[in-house]
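Beneath this line is the structure, given in structure tokens, with notes to follow.
The values are calculated or read from the model by the stated rules, or taken from the named source; none is laboratory data. Model, not experiment: these values are computed from the prediction. Heads up, the Cβs are rebuilt from the backbone with ideal geometry, glycines too, and the neighbour counts pull from every protein chain shown.
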Amino acid sequence: MVVVMGMAACEPVVDQRGHVEDGSLTEKIFVGSTTKDEVKRDFGSPSSMSSFGDETWYYIRTRKESKAFFKPEIIEQKVTQVTFDDAGTVAEVKEYALKDSKPITTVAQTTPTEGHSLGFLEQLIGNLGRFNKPLDRKGGLRPPGG
């Protein structure tokens, strides 16, 4: 029983996400003749679209495997970039694999915001003199000297 459980823990868990294809998109999209509508009809909505520059669609597929409690590892990644011209026809098709990717390092620094850098006493002293003026019985402000 223990051996069976140990062997089951070594079996990798596969997680596939993104665009599922039955062949290469570069073989099915023709530069200069395939339109946006045809690409969308045949391959579905893109995983991502460009925000600036030429209109570019990205079809992304990622396959990860994880064993037991270890961090998942990317086994396969494929990105197909389809760029369209002003007329809406395909101008360029490129494919990128996992070997083409570059690691991105994030910055751990944070931008300080006001109020969080002040201590309790500094905040308390900063509030002196900011209290509301006393109200009269009718709910209005008391006149000066009254």
Item checked: Which numbered condition HIS116 fails, given (1) surrounded by 10 or more Cβ atoms within 10 Å (Cβ to Cβ); (2) at pLDDT below 90; (3) over 21 Å from GLY18 (Cα atoms); (4) not polar (S, T, N, Q) -> (1)
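Of the residues in segment 18-30, how many are modelled with pLDDT under 75 and exposed (fewer than 12 other Cβ atoms within 10 Å of the Cβ)? Quick ask: steps written out before the conclusion?
Taking segment 18-30 and keeping what is modelled with pLDDT under 75, we get 18-26.
Remaining after also requiring exposed (fewer than 12 other Cβ atoms within 10 Å of the Cβ): 20, 22-23.
The qualifying residues number 3.
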Check: For segment 98-109, which residues satisfy the criterion of being part of a loop (DSSP other than H, G, I, E, B) and not basic (Lys, Arg)?
Finding: SER101, PRO103, ILE104, THR105, THR106, VAL107, ALA108, GLN109
Next item on the list: Select from segment 68-107 the residues that are farther than 27 Å from GLY32 by Cα and among the hydroxyl-bearing types (Ser, Thr, Tyr) and list them in ascending order.
Entry: SER101, THR105, THR106
